[in-house]
Amino acid sequence: MSSAAYTPLPTAANPNGQSAKDLLSRLTPAAPPTRIRRLLIFVAVLALSSVLLVYVVFAPSSFSLPGSGSSSGSTSDSGSIPGGYSHNEDLNNDASGWGGTNNDDQGGVGSGSPFFRDNHPALHARLFLARAQAEISARKLDTCGGQLSARMVDAYITGAVPYCTSPASASTASITCFPAGGASDPSSPNHWWPYPQAFCASQHLGHTPGWGGPASVHGQFTGRCEVSGGGNELKAAMGREGFLGKEFVEDKNAGEGCTETLTHPVLFVPRQDRWNPFHVGEDLVTTFLALTLFSRHQSSSSSASTSSAAEQQLWTALPAAYAKTLSSSASSAKAEFSKLTAELAHEVAHTAGLQLVFTDEYLPTESLFAPLYDRMGAFPPRRMAVEGLANTCLARAFHSVGAGASLLSATGVGRPHTCASELVWGTSLWLRWVWGLEGLPGSSSSSLGSRAWEEVGVRRRSNRTEGQVEREDVEQRAPVTTHAQAQGGDPIQVLFLSREKFDAYTRHKNHKLTAWQEARHIANEGELLAGLRAGLGGLCRVATAVAGSTPHTPGTHDCTYTDADLLPGVWGSRLHPREARALGLGVGTAPPPSDVDADAKKEESTVGVGGGGAAPVGAPPGEGLANERRAPLPSDGSTSNNTARAARPRALRFATLDPTTSALPAQLGAVGRADVVVSVHAGALGLTLFMPTGRASVVELMTTGAQGNWHFHNMAHMLGMEYLRIDVQKNVDVAKVVQGVRDLVERRLQK
């Protein structure tokens, strides 16, 4: 039905409609203006639609649909999603396909998407372990005989126990376990572990129906194999400690009637701490150790129960090759490391496509730290608490260990040590990469990724098609001009971890603090923060103009003090425009950088700033000497470009973070970009696992009630970080703390 306001156009079904001549005759000044305008708009839209249709059909497109097979597709310049990741094949994939993520195998969701996933975590764990070994060696740090390092993995492999065996067959089951502590041979280097422990790897097992939670509801693993004599001895040695052998039952009918078959490898994780960041860190370190261990078991070129000869050669060759990239900018060093990486990818192909399976009862809704695992593995983690296993057949499975101790606590948190740990160091680097804070070793962005202050940009490569881009860094920065970057030095960012809001909320809900919470509570946090702002501000000759900032007393160092709590977007940038103006750099007139690539090559030999530093008064041996830990000196003794950049005018920033009020990504973004973290002894210091590895400083305020806890002292030394302990009362001596933090920061300003 036509409206009274419109006259229908003539059609075959409307013989009484107007002809074209009749219609045109109406386009006169006497015709209603509204009708004429609407008709002209209709004709214009029709014409433009026709032109657009012709262009879409016949014009060459710069986009290819996932799975289209088009070789002319490319990544758009707008592929950098704010707050996410820009497409960069080198970060998680390369031309040979040994990486994990690309647009084809994830339906178009590549590393340019916020939905990032490490498809081959075991491979990448090995790469970051190699980097950790090289960096620790270059710094000549004490690993205490490798007690917490790669030597442990060697001991696990050489002490492997064939737990359940059967005649060689592709369809029969097998279990190999890797004991430590009292379950291992007394001659094992891992016999010192404080309790019996056993990682295990299995093939062709079944799993009866089960759910996450207590062992009574887990179900059982079954297999067509016989527990060996060594297996029975291991089970007895494990005592009451849980491991795969306690959940395994021999079954000649195993594998029959499976309602689900998992052909990809899975890693069973028996524990995920829900709320304490330190214990969460323990779980993450144990997961990294498990990935490293299982990457060495039954490589693709070996049918033995241990690693192949090729894999054993790579185990030592890879760290040596990465060490060459630290001391030389020659392309041959990178080429050698890339070649060995490709060989390693072949050897650990059996771990590709891994999925994590959590056997505990915790759901993401009950754990603030669940997102830490969401980027690990080719598939989303499976949580048996809500997604139980039916009669399931498992092609290949790895079985991690439960709670009890980790590399962060196994030596005892009641006594201090200053040992660097290759495994904990590697864990930190890997986690930082997963969250966009580091570059992947051997990738074209790795040197830029470790240079934590370059502004994100895109540059075209001559060997790529038009429209393809690559990020110059692996993390997104706040928007600042490249002119300011050209003159500004590396900022120093100091972060205070607060408990004030958490304690206030606890009192509101429970009307009091527990004894444990009281031991970590300081009564005058507000006064302390005011003192820190004034004390740090007094180091710089100028202060950044921000409304509400503490009154500034000019200092002697060529820096500008910024209260980052009051200036959004400044944290993590090289130099904010307001900071540039405060320093008088002339943001609009400075010339742009001449050669970013050349700058990066110069920096490859040094990640941070070298140099020594005196220990604080009263510190235990080895305390406060981590300035020399921050970076290896170039082998030729030359001065790194980082040093020259640090000598430029720069920003000194101070910010606070209360984890109670910030979601996990915000916490990681703040801590992961901090040079110095100050905190009372509390679980939040576990977040320092995400600080720049080997390049950061930790200041721990040790209250009277927390005396004797060396968790974070030991952890800082495992990570090669500078550590400063300041003993305080519930009412903090503000002047004492401010002076300690100020002295530490001033040493950094002098580098």
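The values are calculated or read from the model by the stated rules, or taken from the named source; none is laboratory data. Please read all numbers here as calculations on a predicted model, not as lab measurements. Methodologically, a virtual Cβ is constructed for each residue, glycine included, from the backbone with ideal geometry; neighbour enumeration extends over all protein chains shown.
Name the residue that is farthest from Ala405 (Cα to Cα), counting only residues in segment 162-175 that are surrounded by 24 or more Cβ atoms within 10 Å (Cβ to Cβ) and modelled with pLDDT of 95 or more. Working first, answer last.
Of all residues in segment 162-175, those surrounded by 24 or more Cβ atoms within 10 Å (Cβ to Cβ) come to 163-164, 173, 175.
From what's left, modelled with pLDDT of 95 or more: 163-164, 175.
Values: Tyr163: 23, Cys164: 26, Ile175: 24 Å.
Only one residue fits best here, namely Cys164.
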Evaluation of Cys393 against (1) in contact with a strand residue (DSSP E or B) (Cβ under 9 Å, 6 or more places away or on another chain); (2) at pLDDT below 95; (3) not in a loop (DSSP other than H, G, I, E, B) (one fails), failing number: (2)
Quick count over segment 217-275, residues being in contact (Cβ under 8 Å) with a residue 24 or more places away in the chain, in a loop (DSSP other than H, G, I, E, B) and of a type in the set (Lys, Arg), is 4
If we keep only residues of segment 411-435 that are within 24 Å of the chain's Cα centre (by Cα) and not in a helix (DSSP H, G or I), then the residue farthest from Arg240 (Cα to Cα) is Trp435
Does Asp185 count as acidic (Asp, Glu), outside the structural domain of Leu394 (by TED's automatic domain parsing), at pLDDT 95 or above and surrounded by fewer than 19 Cβ atoms within 10 Å (Cβ to Cβ)? no
Taking only segment 122-158 into account, find how many residues are within 17 Å of the chain's Cα centre (by Cα) and either of a type in the set (S, T, N, Q) or under 20 Å from Leu719 (Cβ atoms) (or both). 9
Across segment 486-517, the tally of residues that are at pLDDT below 70 and surrounded by fewer than 23 Cβ atoms within 10 Å (Cβ to Cβ) stands at 3
When segment 221-239 is checked residue by residue, the ones that are closer than 15 Å to Ala201 by Cα and of a type in the set (A, V, I, L, M) are Val227, Leu234
Criterion violated by Ala155 - all others in (1) at pLDDT 95 or above; (2) outside any helix (DSSP H, G or I); (3) out of contact with any Leu (no Cβ under 7 Å at 6 or more places or on another chain) satisfied: (2)
Condition (residue is among the hydroxyl-bearing types (Ser, Thr, Tyr), touching a helix residue (DSSP H, G or I) at 6+ places or on another chain (Cβ under 6 Å) and closer than 30 Å to Val671 by Cβ) applied to segment 328-348: is it met by at least one residue? no
Just to check your reading of the model, which residue among Leu652, Leu668, Leu687 is touching a residue at least 40 places away in the same chain (Cβ under 8 Å) and part of a strand (DSSP E or B)? Leu652
Among the numbered conditions (1) touching a strand residue (DSSP E or B) at 6+ places or on another chain (Cβ under 7 Å); (2) aromatic (Phe, Trp, Tyr); (3) under 28 Å from Thr411 (Cα atoms), tell me where Phe379 comes up short. (3)
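With respect to Gln355, is the statement that it is within 24 Å of Pro214 (Cα to Cα) and surrounded by fewer than 20 Cβ atoms within 10 Å (Cβ to Cβ) true? I'd like the intermediate steps shown before the answer.
On the way: within 24 Å of Pro214 (Cα to Cα): yes; surrounded by fewer than 20 Cβ atoms within 10 Å (Cβ to Cβ): yes.
So Gln355 passes the test.
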